Amino acid sequence: MKTSQRLGAALAASIFATAAVSQEHAHGDHDALLTPYTNTGSIATPLTYIEKYADIPDASAGIPIDPDKGYAVVDLGDGAYFVTEGVYQVMFIEHDDGLILADAPPNIGSRLLTAAEEIAPGKPITHMIYSHAHVDHIGFAAEIAATFPDVEIVAHALTLDKLERAGDARRPLPSVTFDTEGKVFEFNVGGQALSLTYPAPNHQHGNIEIWHEASSTLMLIDVVFPGWMMWRRLALAEDIPGTFDTIRSLNDRYDFETLIAGHVGRPGTKADVDLQVEFMTDLHNAAAGALGSVTPGETVNPEDLANPWAVFDNYIDRVVIECVNTLTPNWEDRMAGFDVYIYDQCLAMEQSIRIDGSSL
Ligand SMILES: [Zn+2]
């Protein structure tokens, strides 16, 4: 066993260990405390070294990227462009006098400037829109502003609040903000029109929908993951019930053809939204079912029954395993990365059901 595997196995075992002492396998108290659960299925538990993750389904594959350029541009029509380097996504809108850039992920970095020159040679980036405040989506903004000092930055007022508190030089403060909730902020420049909406608390407070009606393109970041499992813990949603509401109403609220979702390597469609709604519904039901069917305290060492944290740790571990086992047969082949984050999703979901009172 490699050191990394042994370390991973030990860490996993310590996290998912039952406190029950197994005499059969015990070689002393320490080993006995590291007995893994016996009912885990084919998906490796967290903090376990994985020699090979599941293959990526064809439907989840990204668009081809020229390795010499390191990014791809898709012309969506009517001045809208989708740009990705395979992991992050942005939108450019060309207008009469320049370009609007929505988001500036450092992972794409200076290739944003190359892409801008490819899309509209000689035209400046006149405006930047921040979808939300997270560094991984806008952390290259200061570099854009250094290249185009007159650039105007637009964001929701809640994003401004977060950026003011962060005081992060990589993310210059927006100069234009709006604070309506559920209402549309119309943004017009150089013959192009964008509608910006903060639907409700979702992935992050202030995370907005950017709608370019002319090309039927909707940009909403870190909420839908076309072809892929959401990033861990429901994409770190600040408001899980709000995220559910935002996703479930998305196809009804917009007549879009293209969804720029922020990750991974291809744009999304309404079918991707439907698939994620179906997954999240199953996830909710699996977690709720496990919370009801698993009995707290059942496998805890009686000596730990006075330790409520230990009782809960053991209970939640078994709830999460039950949730994962319920979902795996139907979902492991339907979205890329299911095996990578399904434990995290079940953990986030059962927690939200218990704490937020999430319901469908
Ligand atoms: Zn984010």
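With a simple spin-label model that places each label point 7 Å from the Cα along the Cα-to-Cβ direction, the separation between R233 and L173 comes to 2.9 nm. The phi torsions of the range 346-360, fed into the Karplus equation with coefficients 6.51, -1.76 and 1.60 and a -60° offset, translate into couplings of 5, 5, 5, 6, 4, 5, 5, 5, 6, 9, 7, x, 4, 9, 9 Hz, rounded to whole numbers, with Gly and Pro shown as x.
At 1.4 Å probe radius, can you tell me the per residue accessible area of the chain in Å²? Don't skip to the answer; put the middle values down first.
Details: 16230 Å² over 360 residues.
Averaged over the residues of the chain, the accessible area is 45 Å².
Zone of L47 (label point 7 Å along Cα→Cβ, backbone N under 17 Å): which residues in the range 289-313? Within reach of a label on L47: 309-313.
With R₀ fixed at 41 Å, the C-beta to C-beta distance from A200 to T38 puts the FRET efficiency at about 0.45. Of the solvent-accessible surface of the chain, computed with a 1.4 Å probe and all protein chains present, 52% belongs to carbon and sulfur.
Out of all DSSP beta bridges with both ends in the range 58-268, state the antiparallel percent to the nearest 5. The partial results should precede the final answer.
Values: 28 of 41 bridges.
Percent antiparallel among DSSP bridges in the range 58-268 is about 70.
Available extension along the chain between D97 and N285 is 62.6 nm, counting 0.36 nm per residue and deducting the alpha carbon span. Relative to the longest principal axis of the chain, what angle (0 to 90°, nearest 10) does the C-alpha long axis of helix 308-331 take? Once rounded, one gets 60 degrees. Please label the shape of the range 58-268 as rounded, prolate or oblate, based on the square roots a ≥ b ≥ c of the eigenvalues of the alpha-carbon gyration tensor (a/c under 1.5 means rounded; beyond that, a/b larger than b/c means prolate, else oblate). It comes out rounded by the Cα gyration axes. Dividing the helix sum by the residues of the chain, where each DSSP H run of 4 or more adds -39500 (n - 2.57), gives a mean residue ellipticity at 222 nm of -11500 deg cm²/dmol. Shape descriptor for the chain: Rg over Rh equals 1.04 (Cα atoms; Rh from the Kirkwood inverse mean 1/r).
For E143 and I56, what is the calculated FRET efficiency with R₀ set at 30 Å and r taken between the beta-carbons, to the nearest 0.05? Working shown, then result.
On the way: r = 31 Å, r/R0 = 1.04.
The computed FRET efficiency comes out at 0.45.
The 3J(HN,Hα) values that the Karplus relation (6.51, -1.76, 1.60; θ = phi - 60°) gives for the range 105-112 are, in residue order, x, x, 5, 8, x, 5, 5, 4 Hz. Gly and Pro appear as x.
The values are calculated or read from the model by the stated rules, or taken from the named source; none is laboratory data. These figures come from a predicted structure and were not determined experimentally. A quick note on method: Cβ atoms are made from the backbone with ideal geometry, for glycine too, and the neighbour counts reach across all protein chains shown. Areas reflect the complete protein model, heavy atoms only, side chains present, ligands, DNA and RNA absent. Shrake-Rupley method; radii C 1.70, N 1.55, O 1.52, S 1.80 Å.
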